[in-house]
Amino acid sequence: MEYVASSAEVIETAGWSVTSLVPTAGARTQAMWVLAVFALVGLFAILAVAAWRQRGLQAAAVQRELEARVRERTDALRIEVEERRATEAELRRTQASLVQAGKLSALGQMSAALSHEFNQPLAAVKSYAENAGSFLDRGQTQQARENITRISGLADRMARISKHLRNFARRPDEASGPVALDKIIEDAVAVVEPRLKRDAITLDIAGPEAAAVVNGGHVRLQQVVVNLLTNAADASGPGGRVVLGAAPLEGGWQVTVRDFGAGIPQDAQSQMFDPFFTTKETGKGLGLGLSISFNIVRDFGGTLWGRNHPEGGAVFGVDLRAAEGVQEAAE
């Protein structure tokens, strides 16, 4: 065992001194504990720094992985958005083609009636012209003048029919705006009038007021009314009756077309606005009229609906939002 000696004089005059021996084991043990504590503190510091650096590396790795995932997801979303835009553009082109096909189909179905409508005034024009020549030969200028006036009136009538058909058949613009509802109904009735006359179908019209202005496009809304009137004429049959009405609706106007036919079959009510669905005989229709009309009205913020009338037949309605002012360019 090791000791540490320490001396101290006790009595200076006598020259006595005391020497004490203290074991070094306790001091050595205490020093070892101090060293151990410092070693542990250093170890903990090293471990803390290592853990901090490891967490930093893990965080950087996680951040890089998240950034890679974000870039990957962003690229996927960009591709998806581009594909969606391309799909929407293709759907719009397809819808425009279907709209045009539906109008041409309607014109084809009315061709016989239109032929009759034009042949009658043409025959009358020929007769009046021959009679006018005879009157002039006999010096009856007044009668010849009257015949020429009738010829002019018949020519104006055919020109009006031709104008309505030309506007109806052409491809409309996509713009929409305020349009006069009474003018739309007037032009639509002019288009289907030859068909109604051919089948001796009575058309009763109620309204609208001249001040009725709705949001939409003239040609496209005209097509909707023409489709509804044509369907009502088909349902009512020769010698039947169709009622066309327009009345104010909260925030807009409502156009209704009622027929007096057999009504809408129960199993067809949920599908009547689907493309290529029709209850008509084969070859009598493409099943596009109501579908096209539904999409046209929806594009203008309106609603197209149909149901059976309590007193028989079916009634279809178009609910349109009101607008202020008339914009002729909205087609």
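Within the assembled protein chains, the solvent-accessible surface assigned to Asp199 is about 30 Å², based on a 1.4 Å probe.
Peptide packing: for 66-73, 294-301, 139-146, the average count of neighbouring Cβ atoms within 10 Å per residue gives the ranking 294-301, 139-146, 66-73, highest mean first.
The values are calculated or read from the model by the stated rules, or taken from the named source; none is laboratory data. In this text, all values refer to a predicted model and were calculated from it rather than measured experimentally. Counting neighbours? That spans all protein chains shown, and the Cβs are built from the backbone with ideal geometry, glycine included. Just so you know, the surface numbers come from the protein's heavy atoms only, side chains and all, with ligands and any DNA or RNA stripped out. Shrake-Rupley method; radii C 1.70, N 1.55, O 1.52, S 1.80 Å.
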